[in-house]
Structures are given as structure tokens and as C-alpha cells.
Amino acid sequence: MRLLLENVRVRAADGTAERTLLSVDRFTLASGERLGLKGASGSGKTTFLKTISGILRAEGSVLWDDTDLSRLSEAERDAWRGRNVGFLFQDFRLFDGLNALENVLLPVTFTRSITDADRRRGEDLLERFGVRPQTEASRLSRGEMQRTALVRVLLQSPAVILADEPTASLDKPNARTVMTALTEAAEELRSTLIVVTHDPEMLATLPRVASIEEGRLKEAS
């Protein structure tokens, strides 16, 4: 999916005044493009992800193909996000009482019944990424946890993948494994990929890099 931002502003009350959390005059990202996003803590990276995924409603236009998220209701944005966006987080967000496969399949239950095809695809993806499907989440290594979280995203073949510091809590070998798996999977699915990261190795693997400084999005030089 292609992203176009025009005159985007996200503001929040700050005492008696308003503070601008994000300001983007114009920004485009082609369908299937892979972008790295860097910036200091508190600069607006998370606000950017929440804005382009419709969690936050912004002033201006947030266009994915022909859909302007800023014109949709909260319920419509939630439905659009469920159909089109996969999130990969730093903290994995797995449930210890479930095994790897059950964690992967859990989001499916929010919208429909799990099919045999879902189970087979989940098992195949987990095995492809070196995770035993029946292993309880509490017994997985940190690298296996993140790969399980990645499989959970990939199971639904999202058009857009948003990754928020996906390797920050991993050692270098596991970070490289997840980084490679994420970029290869996005290429295979032809998904648009945006990765927020401080990791220079990961940024080096992405063909385009931008930065956010005090809420303003800038193309990296």
C-alpha cells in the first residue's frame, strides 16, 4: 500500500496551551517500500506510528492508497487497521499460558474462527523460523519469542508492517536473525515496511531512512 501524508499535525493539550507532537508537510512512501525511522526518545516516533495506523486521528491527510484515515471514524479506523496492518513490538506481547502456535493464532479469534489452514500455516511459519509450535511461551528464548511475534504478524499477510524497536531487547545474533526474517518476509509479502529502530545495523539494511526530530519528519541525509 502507498502512503501519502499531507499537512499532518497531531496536537495535545499542555497545560493552558497546545503542543505539536507531530508535524509533516508532505511525505510519500511507495507500496512495498521499506523505511527505517530513527530519532531520540520522545521525538515523536511512536506518535508517527499511531498516526499512520489510525490509532490517533490527525489534522491533514493520512492516505493509504485511496483511504484517508483522517476522514474515518474511530470504529472505521479500527476495522481498517485490523484488515491491513501488522504490528511487531519490542516487548513481544505473548501470553505465557499459551504455546507458540496458540499465541500466533490468537489474533485470528478476534475476527473469525480458526481454520485448519490457519493452523497449518502457523505451524509452517513457526518451523520455518526455528520455533517449535507446541513450546509454551514461557519456555521460549528471547529470540524465539520475537520470531513467534513476527510469525503472528505474518500469518495474516498484512499489506503494512509496522515494527517498533523490534530488536532492542535482543543480543546481536538474535537481532540479526529477526532483522533478516522481517525484511525478507516483507519483501515476500510485498508489504510496505516501516521500522522504528536505533540499531545502525538494521538501518543499514533498509533502502530508505528518515528521522524524527522534535516531532518533525525529515529525510535522512
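The values are calculated or read from the model by the stated rules, or taken from the named source; none is laboratory data. Here the structure is a predicted model, which is why all the values come from computation and not from measurement. Each accessible area value is taken on the protein alone, full model and side chains, heavy atoms only, with ligands, DNA and RNA left out. Shrake-Rupley method; radii C 1.70, N 1.55, O 1.52, S 1.80 Å.
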Seminar exercise, completed: Taking 165, 219 and ranking on accessible area (1.4 Å, protein atoms only), highest first, one gets 219, 165
For this session: Could you rank 194, 55 by how accessible they are, 1.4 Å probe, largest area first?
Result: 55, 194
Exercise. Where both residues lie in the chain, what percent of DSSP beta bridges are antiparallel, nearest 5?
Worked result: 55
For this session: Normalising by the residue count of the chain, find the relative contact order in percent from Cα pairs under 8 Å and 6+ residues apart.
Result: 29
Seminar exercise, completed: Here D for region 99-188, in µm²/s, from Stokes-Einstein with a Kirkwood Rh over Cα pairs at 10 °C and 1.306 mPa s, works out to 119
Problem set entry | Mean projected area in nm² (Cα convex hull; one quarter of hull surface) for the chain | 12.7
Problem set entry | For residue 4, solvent-accessible area (1.4 Å; no DNA, RNA or ligand), Å² | 20
